[in-house]
Amino acid sequence: LTAELHERDFEQLVLCRDPEVGLESVIAVHDTTLGPSLGGVRMRRYPSRAAAVADAMNLAQAMTYKAALAGLPLGGGKSVINADPRVANRDEVLIAHAKYIAALNGRYVPALDMGTSVRDLELIGRHVPVVCAQRGDPSYYTARGVVRSIEVALEACGRSVAGSRVAIQGLGNVGLHVARMLCAAEAEVLAADIDPVRVHDAVDELGVTATDLADILFVDVDVVAPCAAGGAIDEHAVPRLRASALVGAANNMLSTPALARDLRERGIVHVPDFVANAGGLIAVEAELRDDESGLADRVDAIADTARDMLNRSELGGIDVVSVALSMATEIIEGNRKYRPWF
Ligand code: NAI
């Protein structure tokens with residue numbers, strides 16, 4: 001683990017336990033060069049302790065790149081509580097976790113994530129110096145950035161949204177907004193969700209085409225947009241993709257970043273998730289500062305970043321995830337000696 005921390009340039013990893021209440025959690029602070037590390041508190045039962053640590057680290061690292069590329073004064077962090085969200089003494093577990101966060105003295109700012117609610121964040125907020133309690137739902141802005149990125153990807157394929165076919169996996173908070181915006185822009189939307197009610201409602205409201213869960217990623221469309229769980233695109237999925245572009249909201253959508261090379265070889269235009277889905281983080285940061293002026297424009301600027309990245313990838317013959325990582329690293333390294341917030 002120590003070797004991995006060094007190899008991946010992690011600043012800090014806190015493994016927390018409180019046997020009295022049954023807490024087992026991880027706080028991963030990847031990089032605080034640009035600002036305090038902000039990231040969600042995820043609550044789920046992992047198959048192993050190692051899986052919990054790996055998830056926290058992967059997600060924290062992605063937050064660093066997401067914040068840097070979105071031009072935000074934030075670092076990357078994440079915490080995970082290895083417990084079933086329905087655990088009977090949930091509040092006690094959350095408070096025990098909050099006390100570990102408090103010991104970091106603001107280096108990690110907790111926010112909402114899978115398995116936690118606004119109420120949970122309010123509870124954590126009573127014990128930590130800064131919390132992102134998120135009065136508003138950032139999903140609209142996440143979806144807005146995803147749609148801007150889809151537009152750029154289609155542009156790279158010589159197409160526009162009107163008349164294009166887009167397949168959306170997952171009609172949750174983000175996926176439904178994406179579907180609404182695309183339908184309003186006259187795209188043809190195909191969609192699937194493990195929850196049949198969500199599909200039924202979207203068919204009723206928007207006239208999307210309900211598609212089989214097993215087929216949604218592999219249908220013959222212009223864009224596939226994974227908006228459900230991470231890891232949806234693995235080494236078995238890449239050869240089966242028939243879309244010209246892959247752009248979605250799901251965090252860590254590629255099971256490994258190396259798959260970006262395979263996508264490039266197959267000629268599939270890809271906008272990395274940590275670029276396309278940064279709209280939510282931009283909205284959360286604005287809320288934290290209590291200044292939402294120009295928010296929509298700042299989210300729409302994701303299109304400029306995505307376009308720049310695709311151009312560099314094309315010109316340099318390098319996959320777009322490598323391009324994105326080197327752009328993010330350049331921003332972070334350029335600030336390292338100033339460390340504005342320390
Ligand atoms: P959500 O939980 O509201 O929606 C996920 C949807 O996917 C649910 O409707 C669920 O039934 C469905 N689903 C799960 N597994 C599926 C499968 N195998 N096939 C089809 N549908 C499936 O989550 P939300 O907030 O919409 O987030 C979606 C993704 O975007 C997640 O990966 C999340 O980490 C990421 N994300 C979300 C942000 C936000 O602002 N909500 C910000 C950045 C990333």
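The values are calculated or read from the model by the stated rules, or taken from the named source; none is laboratory data. Computed from a predicted model, the values in this text were never measured in an experiment. As a convention, Cβ positions derive from the backbone with ideal geometry for all residues, glycine included, and neighbour counts pool all protein chains shown. When the accessible area is computed, the model is the full protein with side chains, heavy atoms only, and any ligands, DNA or RNA have been set aside. Shrake-Rupley method; radii C 1.70, N 1.55, O 1.52, S 1.80 Å.
Protein heavy-atom surface of the chain, 1.4 angstrom probe: 50% of the accessible area is carbon and sulfur, with nucleic acids and ligands not counted.
Angle, helix 320-336 long axis vs. longest principal axis of the chain, Cα atoms, 0 to 90°, nearest 10? Roughly 40 degrees, rounded to the nearest 10. Phi angles across segment 251-268 convert, under the Karplus curve 6.51 cos²θ - 1.76 cosθ + 1.60 with θ = phi - 60°, into 3J(HN,Hα) values of 4, 6, 5, 7, 5, 8, x, 4, 5, 4, 5, 5, 4, 4, 4, 7, x, 8 Hz, Gly and Pro given as x. Once the 1.4 Å probe is applied to the protein heavy atoms, the chain comes out at 43 Å² accessible per residue. Rounded to the nearest 10 degrees, the inclination of helix 49-69 to the longest alpha-carbon principal axis of the chain is 70 degrees.
Largest first, the three principal axis extents of the alpha carbons in segment 184-261 are 39, 24, 19 Å in whole numbers.
Looking at segment 235-342, which trypsin sites (Lys or Arg not before Pro) are in a loop (DSSP not H, G, I, E or B) and have at most 10 other Cβ atoms within 10 Å? Please list the in-between numbers first.
Numbers: sites: 240, 242, 261, 264, 266, 289, 298, 307, 312, 336, 337; in loops: 242, 266, 337.
The qualifying sites are 337.
Heavy-atom accessible area for residue 10, with the other protein chains in place and a 1.4 Å probe, reaches approximately 20 Å². Label-to-label distance, residue 7 versus residue 296, with points set 7 angstrom from Cα along the beta-carbon direction: 4.6 nm. Can you tally the net charge around residue 299? Count Lys and Arg as +1, Asp and Glu as -1, for every other residue whose Cβ sits under 9 Å from the Cβ of residue 299. That works out to +1.
Please go through segment 1-100 and write out the trypsin sites (Lys or Arg not before Pro) that DSSP classes as loop and that have at most 10 other C-beta atoms within 10 Å. Walk me through the numbers on the way to the answer.
Values: sites: 8, 17, 42, 44, 45, 49, 66, 78, 86, 90, 99; in loops: 8, 45, 86.
Taking segment 1-100 and a limit of 10 other Cβ atoms within 10 Å, the loop trypsin sites (Lys or Arg not before Pro) found are 86.
Amide H to amide H, with H built 1.01 Å from N, residue 82 comes under 5 Å of 24, 25, 26, counting only residues 5 or more places away or on other chains.
Of the beta bridges DSSP finds with both residues in the chain, what % are antiparallel, to the nearest 5? If I count the DSSP bridges inside the chain, around 35 percent turn out antiparallel.
Apply the a/c threshold of 1.5 to the C-alpha gyration tensor of segment 1-139 and tell me whether it is rounded, prolate or oblate. Note, shape of segment 1-139 comes out oblate. Extents of the chain, largest first, come to 56, 47, 41 Å (Cα atoms, principal axes, whole angstrom). Relative contact order for segment 135-245: 28 percent, from Cα pairs under 8 Å spaced at least 6 residues apart, divided by residue count. Summing +1 for each Lys or Arg and -1 for each Asp or Glu among the other residues whose beta-carbon sits under 10 angstrom from that of residue 255 gives -2.
Could you give the C-alpha radius of gyration of segment 139-328 expressed as a fraction of 2.2 N^0.38 Å, taking N as the number of residues it contains? Show your work: numbers first, answer last.
Details: Rg = 15.5 Å, N = 190, 2.2 N^0.38 = 16.2 Å.
Working it through for segment 139-328, the quotient is 0.96.
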